[in-house]
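Q: To start, I am sharing the structure in question, which I have written as C-alpha coordinates.
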Amino acid sequence: MQHGVRTSRSLPSTLLLLVLSSAVMAVLVWQALTAHGNPDPTAANLSPLAAIADTGILVFREGLEAILVLSALTASMVRSGQSYWKPVGAGAALAGLASLITWFVVVAVMGQINAPALHVQAATGLLAIVVLLIIMNWFFHKVYWTGWIGLHNRKKRELTEAPVLSPTTVYRGLALLGFTAVYREGFEIVLFLQSLRLRMGSGVVLEGVLIGLALTAMAAVITFLSHHKLPYKKMLILTGVMLGGVLLVMVGESVQECQQAGWLATTPLPLGLPAWLGTWFAVFPNLQGLLAQALAGALVIGSYFAAGRLQRSRRPAQAR
(Lines give C-alpha, C1' and ligand atoms only; values in the text may rest on other atoms or scores of the structure.)
Protein backbone atom coordinates (compact mmCIF):
# COMPACT_ATOMS: atom_id res chain seq x y z
CA MET A 1 0.00 0.00 0.00
CA GLN A 2 2.78 2.38 0.89
CA HIS A 3 4.48 1.57 -2.39
CA GLY A 4 1.32 2.64 -4.24
CA VAL A 5 1.20 5.90 -2.31
CA ARG A 6 4.82 6.65 -3.14
CA THR A 7 4.14 5.89 -6.80
CA SER A 8 1.13 8.22 -6.92
CA ARG A 9 3.07 10.98 -5.21
CA SER A 10 6.03 10.64 -7.56
CA LEU A 11 3.77 10.84 -10.61
CA PRO A 12 3.37 14.66 -10.53
CA SER A 13 7.14 15.05 -10.18
CA THR A 14 7.75 12.77 -13.15
CA LEU A 15 5.13 14.54 -15.23
CA LEU A 16 6.61 17.93 -14.35
CA LEU A 17 10.07 16.76 -15.35
CA LEU A 18 8.69 15.58 -18.69
CA VAL A 19 6.83 18.87 -19.25
CA LEU A 20 9.85 21.01 -18.39
CA SER A 21 12.19 18.87 -20.49
CA SER A 22 9.76 18.90 -23.42
CA ALA A 23 9.31 22.67 -23.19
CA VAL A 24 13.03 23.38 -23.28
CA MET A 25 13.72 20.80 -25.98
CA ALA A 26 10.82 22.13 -28.07
CA VAL A 27 12.46 25.55 -28.09
CA LEU A 28 15.77 24.01 -29.15
CA VAL A 29 14.25 21.88 -31.93
CA TRP A 30 12.10 24.77 -33.18
CA GLN A 31 15.15 26.99 -33.45
CA ALA A 32 17.20 24.31 -35.15
CA LEU A 33 14.49 23.75 -37.78
CA THR A 34 13.91 27.45 -38.45
CA ALA A 35 17.60 28.48 -38.47
CA HIS A 36 18.73 29.57 -41.92
CA GLY A 37 21.24 31.76 -43.66
CA ASN A 38 24.92 31.60 -44.52
CA PRO A 39 26.95 32.63 -41.46
CA ASP A 40 29.83 35.01 -42.06
CA PRO A 41 32.73 34.49 -39.63
CA THR A 42 33.26 38.26 -39.52
CA ALA A 43 29.71 38.99 -38.24
CA ALA A 44 27.65 38.01 -35.20
CA ASN A 45 25.68 34.87 -36.03
CA LEU A 46 23.77 33.78 -32.96
CA SER A 47 20.11 33.97 -33.98
CA PRO A 48 17.53 35.63 -31.70
CA LEU A 49 15.79 32.31 -31.04
CA ALA A 50 19.07 30.66 -30.08
CA ALA A 51 19.81 33.56 -27.71
CA ILE A 52 16.32 33.22 -26.19
CA ALA A 53 16.86 29.48 -25.68
CA ASP A 54 20.29 30.04 -24.08
CA THR A 55 18.87 32.68 -21.75
CA GLY A 56 15.88 30.56 -20.78
CA ILE A 57 18.04 27.52 -20.02
CA LEU A 58 20.42 29.53 -17.83
CA VAL A 59 17.65 31.29 -15.89
CA PHE A 60 15.81 27.99 -15.37
CA ARG A 61 19.01 26.31 -14.22
CA GLU A 62 19.83 29.05 -11.70
CA GLY A 63 16.20 29.15 -10.58
CA LEU A 64 16.29 25.41 -9.84
CA GLU A 65 19.35 25.89 -7.66
CA ALA A 66 17.66 28.68 -5.71
CA ILE A 67 14.54 26.53 -5.23
CA LEU A 68 16.71 23.66 -4.02
CA VAL A 69 18.32 25.82 -1.32
CA LEU A 70 15.01 27.42 -0.26
CA SER A 71 13.31 24.04 -0.15
CA ALA A 72 16.05 22.64 2.11
CA LEU A 73 15.69 25.67 4.39
CA THR A 74 11.91 25.64 4.71
CA ALA A 75 11.01 21.93 4.58
CA SER A 76 11.20 21.33 8.34
CA MET A 77 9.53 24.68 9.05
CA VAL A 78 6.48 23.86 6.93
CA ARG A 79 6.13 20.34 8.38
CA SER A 80 6.28 21.63 11.96
CA GLY A 81 3.90 24.51 11.31
CA GLN A 82 6.55 27.10 12.20
CA SER A 83 6.26 30.58 10.71
CA TYR A 84 10.01 30.86 10.21
CA TRP A 85 9.54 30.25 6.49
CA LYS A 86 7.96 33.70 6.11
CA PRO A 87 11.17 35.72 6.64
CA VAL A 88 13.00 33.28 4.35
CA GLY A 89 10.40 33.98 1.66
CA ALA A 90 10.62 37.72 2.30
CA GLY A 91 14.39 37.62 1.90
CA ALA A 92 14.06 35.66 -1.34
CA ALA A 93 11.57 38.20 -2.71
CA LEU A 94 13.89 41.05 -1.74
CA ALA A 95 16.74 39.28 -3.54
CA GLY A 96 14.66 39.17 -6.72
CA LEU A 97 14.15 42.93 -6.49
CA ALA A 98 17.85 43.46 -5.73
CA SER A 99 18.78 41.38 -8.80
CA LEU A 100 16.59 43.62 -10.96
CA ILE A 101 18.23 46.74 -9.50
CA THR A 102 21.65 45.18 -10.09
CA TRP A 103 20.74 44.69 -13.74
CA PHE A 104 20.02 48.39 -14.23
CA VAL A 105 23.14 49.40 -12.30
CA VAL A 106 25.37 47.14 -14.41
CA VAL A 107 23.75 48.38 -17.63
CA ALA A 108 24.27 52.00 -16.53
CA VAL A 109 27.92 51.37 -15.62
CA MET A 110 28.59 49.66 -18.94
CA GLY A 111 26.94 52.57 -20.73
CA GLN A 112 29.57 54.89 -19.23
CA ILE A 113 32.51 52.83 -20.49
CA ASN A 114 34.34 54.85 -23.12
CA ALA A 115 35.63 52.06 -25.33
CA PRO A 116 34.92 50.76 -28.85
CA ALA A 117 31.71 48.74 -29.00
CA LEU A 118 33.51 45.66 -30.34
CA HIS A 119 35.95 45.73 -27.42
CA VAL A 120 33.14 46.01 -24.85
CA GLN A 121 31.26 43.19 -26.57
CA ALA A 122 34.32 40.95 -26.59
CA ALA A 123 35.05 41.67 -22.92
CA THR A 124 31.49 40.91 -21.82
CA GLY A 125 31.59 37.71 -23.85
CA LEU A 126 34.68 36.58 -21.96
CA LEU A 127 32.97 37.51 -18.67
CA ALA A 128 29.95 35.42 -19.65
CA ILE A 129 32.20 32.42 -20.29
CA VAL A 130 33.88 32.82 -16.88
CA VAL A 131 30.48 32.97 -15.16
CA LEU A 132 29.24 29.93 -17.07
CA LEU A 133 32.38 27.95 -16.21
CA ILE A 134 31.82 28.79 -12.53
CA ILE A 135 28.22 27.58 -12.78
CA MET A 136 29.32 24.36 -14.46
CA ASN A 137 32.00 23.88 -11.82
CA TRP A 138 29.43 24.26 -9.02
CA PHE A 139 27.39 21.59 -10.76
CA PHE A 140 30.10 19.00 -11.45
CA HIS A 141 31.84 19.35 -8.09
CA LYS A 142 28.54 19.00 -6.24
CA VAL A 143 29.22 22.00 -4.04
CA TYR A 144 25.50 22.58 -3.70
CA TRP A 145 25.00 19.15 -2.19
CA THR A 146 27.79 19.43 0.38
CA GLY A 147 28.68 23.07 0.97
CA TRP A 148 26.20 25.76 0.00
CA ILE A 149 23.05 24.00 1.25
CA GLY A 150 24.85 22.70 4.33
CA LEU A 151 26.01 26.22 5.21
CA HIS A 152 22.47 27.59 4.97
CA ASN A 153 21.06 24.75 7.05
CA ARG A 154 23.67 25.25 9.77
CA LYS A 155 22.91 28.96 9.94
CA LYS A 156 19.19 28.18 10.07
CA ARG A 157 19.65 25.82 13.02
CA GLU A 158 21.80 28.36 14.84
CA LEU A 159 19.06 30.97 14.48
CA THR A 160 15.99 28.85 15.23
CA GLU A 161 17.46 26.76 18.08
CA ALA A 162 19.35 29.48 19.97
CA PRO A 163 17.33 30.35 23.13
CA VAL A 164 18.98 33.74 23.71
CA LEU A 165 18.25 35.37 20.35
CA SER A 166 15.41 37.87 20.09
CA PRO A 167 12.60 37.28 17.55
CA THR A 168 13.81 40.31 15.57
CA THR A 169 17.33 38.89 15.29
CA VAL A 170 15.98 35.51 14.18
CA TYR A 171 13.71 37.16 11.60
CA ARG A 172 16.53 39.23 10.15
CA GLY A 173 18.91 36.28 10.09
CA LEU A 174 16.43 34.03 8.27
CA ALA A 175 15.60 36.83 5.83
CA LEU A 176 19.31 37.16 5.09
CA LEU A 177 19.53 33.42 4.40
CA GLY A 178 16.66 33.65 1.93
CA PHE A 179 18.27 36.70 0.35
CA THR A 180 21.69 35.10 -0.17
CA ALA A 181 20.14 31.89 -1.55
CA VAL A 182 18.48 33.82 -4.38
CA TYR A 183 20.70 36.86 -4.94
CA ARG A 184 23.79 34.80 -5.72
CA GLU A 185 21.92 33.19 -8.60
CA GLY A 186 20.49 36.53 -9.71
CA PHE A 187 23.91 38.17 -9.71
CA GLU A 188 25.38 35.39 -11.86
CA ILE A 189 22.50 35.75 -14.33
CA VAL A 190 22.96 39.54 -14.54
CA LEU A 191 26.66 39.17 -15.38
CA PHE A 192 26.11 36.38 -17.89
CA LEU A 193 23.36 38.16 -19.81
CA GLN A 194 25.32 41.35 -20.51
CA SER A 195 27.05 39.79 -23.49
CA LEU A 196 23.75 38.66 -25.03
CA ARG A 197 22.18 42.06 -24.31
CA LEU A 198 24.91 43.88 -26.23
CA ARG A 199 24.67 41.53 -29.21
CA MET A 200 20.94 40.85 -29.40
CA GLY A 201 19.25 43.67 -27.47
CA SER A 202 17.29 43.81 -24.24
CA GLY A 203 14.05 42.57 -25.87
CA VAL A 204 15.53 39.20 -26.82
CA VAL A 205 17.08 38.79 -23.37
CA LEU A 206 13.76 39.67 -21.72
CA GLU A 207 11.94 36.97 -23.70
CA GLY A 208 14.46 34.35 -22.61
CA VAL A 209 14.31 35.50 -18.99
CA LEU A 210 10.50 35.27 -19.00
CA ILE A 211 10.64 31.72 -20.38
CA GLY A 212 13.17 30.71 -17.74
CA LEU A 213 11.16 32.34 -14.96
CA ALA A 214 7.97 30.63 -16.15
CA LEU A 215 9.64 27.21 -16.00
CA THR A 216 11.12 28.07 -12.60
CA ALA A 217 7.71 29.18 -11.34
CA MET A 218 6.21 25.83 -12.36
CA ALA A 219 8.86 24.02 -10.33
CA ALA A 220 8.36 26.39 -7.39
CA VAL A 221 4.58 25.89 -7.34
CA ILE A 222 4.93 22.12 -7.26
CA THR A 223 7.60 22.32 -4.55
CA PHE A 224 6.20 24.91 -2.16
CA LEU A 225 2.43 24.72 -2.70
CA SER A 226 1.89 21.04 -3.48
CA HIS A 227 4.78 19.93 -1.22
CA HIS A 228 6.06 17.42 -3.74
CA LYS A 229 9.74 16.58 -3.83
CA LEU A 230 10.99 17.11 -7.35
CA PRO A 231 13.74 14.98 -8.94
CA TYR A 232 16.18 17.87 -8.59
CA LYS A 233 19.25 15.83 -9.35
CA LYS A 234 17.85 14.60 -12.68
CA MET A 235 16.65 18.10 -13.55
CA LEU A 236 20.03 19.62 -12.72
CA ILE A 237 21.78 16.96 -14.79
CA LEU A 238 19.48 17.74 -17.73
CA THR A 239 20.03 21.49 -17.52
CA GLY A 240 23.74 20.91 -16.87
CA VAL A 241 24.07 19.01 -20.15
CA MET A 242 22.18 21.80 -21.92
CA LEU A 243 24.48 24.39 -20.35
CA GLY A 244 27.41 22.43 -21.78
CA GLY A 245 25.99 23.19 -25.22
CA VAL A 246 25.45 26.83 -24.26
CA LEU A 247 29.09 27.04 -23.15
CA LEU A 248 30.35 25.84 -26.53
CA VAL A 249 28.16 28.40 -28.29
CA MET A 250 29.35 31.21 -26.01
CA VAL A 251 33.00 30.27 -26.57
CA GLY A 252 32.53 30.25 -30.34
CA GLU A 253 30.78 33.62 -30.28
CA SER A 254 33.37 35.14 -27.93
CA VAL A 255 36.29 34.01 -30.08
CA GLN A 256 34.58 35.59 -33.06
CA GLU A 257 34.10 38.86 -31.15
CA CYS A 258 37.75 38.86 -30.06
CA GLN A 259 38.71 38.39 -33.72
CA GLN A 260 36.49 41.30 -34.71
CA ALA A 261 38.08 43.47 -32.01
CA GLY A 262 41.55 42.56 -33.28
CA TRP A 263 42.50 40.67 -30.13
CA LEU A 264 42.87 37.32 -31.92
CA ALA A 265 44.11 36.32 -35.34
CA THR A 266 41.89 34.36 -37.73
CA THR A 267 43.29 31.24 -39.39
CA PRO A 268 40.71 29.87 -41.88
CA LEU A 269 40.46 26.10 -42.31
CA PRO A 270 39.18 24.44 -45.53
CA LEU A 271 36.65 22.23 -43.74
CA GLY A 272 33.46 23.00 -45.66
CA LEU A 273 31.29 23.11 -42.53
CA PRO A 274 27.51 23.45 -43.14
CA ALA A 275 25.99 26.88 -42.52
CA TRP A 276 23.66 25.66 -39.75
CA LEU A 277 26.63 24.82 -37.52
CA GLY A 278 27.52 28.50 -37.40
CA THR A 279 23.94 29.68 -36.92
CA TRP A 280 23.09 27.21 -34.18
CA PHE A 281 26.36 26.20 -32.48
CA ALA A 282 28.68 29.11 -33.40
CA VAL A 283 31.07 26.61 -35.00
CA PHE A 284 33.09 28.32 -37.74
CA PRO A 285 35.92 26.98 -39.93
CA ASN A 286 38.82 28.74 -38.25
CA LEU A 287 41.56 27.31 -36.05
CA GLN A 288 41.13 29.65 -33.08
CA GLY A 289 37.39 29.09 -32.65
CA LEU A 290 37.50 25.30 -32.98
CA LEU A 291 40.49 25.02 -30.64
CA ALA A 292 38.83 27.21 -27.98
CA GLN A 293 35.61 25.17 -28.12
CA ALA A 294 37.55 21.91 -27.84
CA LEU A 295 39.47 23.24 -24.82
CA ALA A 296 36.26 24.42 -23.14
CA GLY A 297 34.64 21.03 -23.61
CA ALA A 298 37.75 19.24 -22.33
CA LEU A 299 37.86 21.52 -19.27
CA VAL A 300 34.27 20.76 -18.27
CA ILE A 301 34.52 17.02 -18.93
CA GLY A 302 37.90 16.87 -17.22
CA SER A 303 36.59 18.64 -14.13
CA TYR A 304 33.78 16.08 -13.91
CA PHE A 305 36.14 13.10 -13.95
CA ALA A 306 38.62 14.84 -11.64
CA ALA A 307 35.86 15.45 -9.11
CA GLY A 308 34.75 11.82 -9.32
CA ARG A 309 38.30 10.59 -8.83
CA LEU A 310 38.78 12.90 -5.84
CA GLN A 311 35.55 11.65 -4.29
CA ARG A 312 36.59 8.00 -4.73
CA SER A 313 39.99 8.67 -3.18
CA ARG A 314 38.36 10.20 -0.10
CA ARG A 315 36.17 7.17 0.63
CA PRO A 316 39.00 4.84 1.82
CA ALA A 317 40.39 7.64 4.02
CA GLN A 318 36.98 8.23 5.60
CA ALA A 319 36.51 4.49 6.19
CA ARG A 320 39.70 4.24 8.27
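Q: In contact with a Gly (Cβ under 7 Å, 6 or more places away or on another chain), more than 25 Å from K86 (Cα to Cα) and assigned to a helix (DSSP H, G or I) - does that describe any residue in region 187-201?
A: Checked region 187-201: at least one residue is in contact with a Gly (Cβ under 7 Å, 6 or more places away or on another chain), more than 25 Å from K86 (Cα to Cα) and assigned to a helix (DSSP H, G or I).
Q: Being surrounded by 12 or more Cβ atoms within 10 Å (Cβ to Cβ), of a type in the set (S, T, N, Q) and either at pLDDT below 80 or in contact with an Asp or Glu (Cβ under 7 Å, 6 or more places away or on another chain) (or both) is true for just one of T267, T279. Which residue is that?
A: Details: T267 fails: either at pLDDT below 80 or in contact with an Asp or Glu (Cβ under 7 Å, 6 or more places away or on another chain) (or both).
When all the criteria are applied, what remains is T279.
Q: Would you mind finding the one in R309, R314, R320 that is modelled with pLDDT of 70 or more, exposed (fewer than 12 other Cβ atoms within 10 Å of the Cβ), basic (K, R) and farther than 30 Å from G96 by Cα? I'd like the intermediate steps shown before the answer.
A: On the way: R314 fails: modelled with pLDDT of 70 or more; R320 fails: modelled with pLDDT of 70 or more.
That would be R309, the only listed residue that is modelled with pLDDT of 70 or more, exposed (fewer than 12 other Cβ atoms within 10 Å of the Cβ), basic (K, R) and farther than 30 Å from G96 by Cα.
Q: For V130, state whether it is under 18 Å from G186 (Cβ atoms), of a type in the set (V, I, T), surrounded by fewer than 18 Cβ atoms within 10 Å (Cβ to Cβ) and at pLDDT 80 or above.
A: No.
Q: Please find, within region 246-285, the residue that is nearest to L193 (Cα to Cα) out of those that are among the hydroxyl-bearing types (S, T, Y) and assigned to a helix (DSSP H, G or I).
A: Top of the filtered list is S254.
Q: Kindly indicate which of L73, L118 is touching a Lys or Arg at 6+ places or on another chain (Cβ under 7 Å), part of a helix (DSSP H, G or I), modelled with pLDDT under 90 and not basic (K, R).
A: Unique residue meeting the criteria: L73.
Q: Return the only residue of T168, T160, T146 being modelled with pLDDT of 70 or more, part of a helix (DSSP H, G or I) and among the polar types (S, T, N, Q). Show your work before the answer.
A: On the way: T160 fails: modelled with pLDDT of 70 or more; T146 fails: modelled with pLDDT of 70 or more.
Going through T168, T160, T146 in turn, just one is modelled with pLDDT of 70 or more, part of a helix (DSSP H, G or I) and among the polar types (S, T, N, Q): T168.
To keep it simple, each residue is scored yes or no on (1) within 20 Å of the chain's Cα centre (by Cα); (2) farther than 22 Å from A93 by Cβ; (3) at pLDDT 80 or above.
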| position | (1), (2), (3) |
| --- | --- |
| R197 | yes, yes, yes |
| M218 | yes, no, yes |
| T223 | yes, no, no |
| G262 | no, yes, yes |
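The values are calculated or read from the model by the stated rules, or taken from the named source; none is laboratory data. Worth saying up front: this structure is predicted, and the values here are computed from it rather than measured. Because the Cβ atoms are built from the backbone with ideal geometry, glycine has one as well, and the counts that use them run over all protein chains shown.
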